[in-house]
């Protein structure tokens, strides 16, 4: 993805005032796809929370000047560590509690 971004920047350097930067925010969780008619309200709120957290994380790479931000839940689920990552707690829009993320900075 970063390589393709560099290709785009090379081809548009005379047309754009700033270089384009690419970043990813990744989260994990269970969601329900399909018709929901007999589901309890608590299950609906869990669905909304997972989708909402994912949508908020996608905005965070710019804030942290990073290529990749993942939720701590993703790494716990995968049983992995990011040894080069920095752990941060951030408040997501509308959230009451801090949310732990792991940040990988730009490599250049």
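Residues in the range 70-87: is at least one surrounded by 10 or more Cβ atoms within 10 Å (Cβ to Cβ), under 13 Å from the mean Cα position of the chain (by Cα) and at pLDDT below 85?
So far as the range 70-87 goes, no, none of its residues is surrounded by 10 or more Cβ atoms within 10 Å (Cβ to Cβ), under 13 Å from the mean Cα position of the chain (by Cα) and at pLDDT below 85.
Tell me whether the range 91-101 contains one or more residues that are over 25 Å from residue 3 (Cβ atoms), free of Cβ contacts under 8 Å to residues at least 12 places away in the same chain and either touching a strand residue (DSSP E or B) at 6+ places or on another chain (Cβ under 8 Å) or buried (at least 17 other Cβ atoms within 10 Å of the Cβ) (or both).
Checking the range 91-101: at least one residue is over 25 Å from residue 3 (Cβ atoms), free of Cβ contacts under 8 Å to residues at least 12 places away in the same chain and either touching a strand residue (DSSP E or B) at 6+ places or on another chain (Cβ under 8 Å) or buried (at least 17 other Cβ atoms within 10 Å of the Cβ) (or both).
Take residue 37 and decide whether it is modelled with pLDDT of 80 or more and surrounded by fewer than 11 Cβ atoms within 10 Å (Cβ to Cβ).
So residue 37 fails the test.
Here are some conditions: (1) surrounded by 15 or more Cβ atoms within 10 Å (Cβ to Cβ); (2) assigned to a loop (DSSP other than H, G, I, E, B); (3) at pLDDT 80 or above. Residue 14 meets all but one. Which one does it not meet?
(1)
Of all residues in the range 70-90, how many are assigned to a strand (DSSP E or B) and without any contact (Cβ under 8 Å) to a residue 24 or more places away in the chain?
Number satisfying all stated conditions: 3.
For the range 46-69, how many residues meet the condition of being over 12 Å from the mean Cα position of the chain (by Cα) and either farther than 16 Å from residue 29 by Cβ or touching a residue at least 40 places away in the same chain (Cβ under 8 Å) (or both)?
Result for the range 46-69: 1.
The values are calculated or read from the model by the stated rules, or taken from the named source; none is laboratory data. Predicted, not measured: the structure shown is a model, and the values here were computed from it. Reconstructed Cβ throughout: ideal geometry from the backbone, glycine too, with neighbour counts over all protein chains shown.
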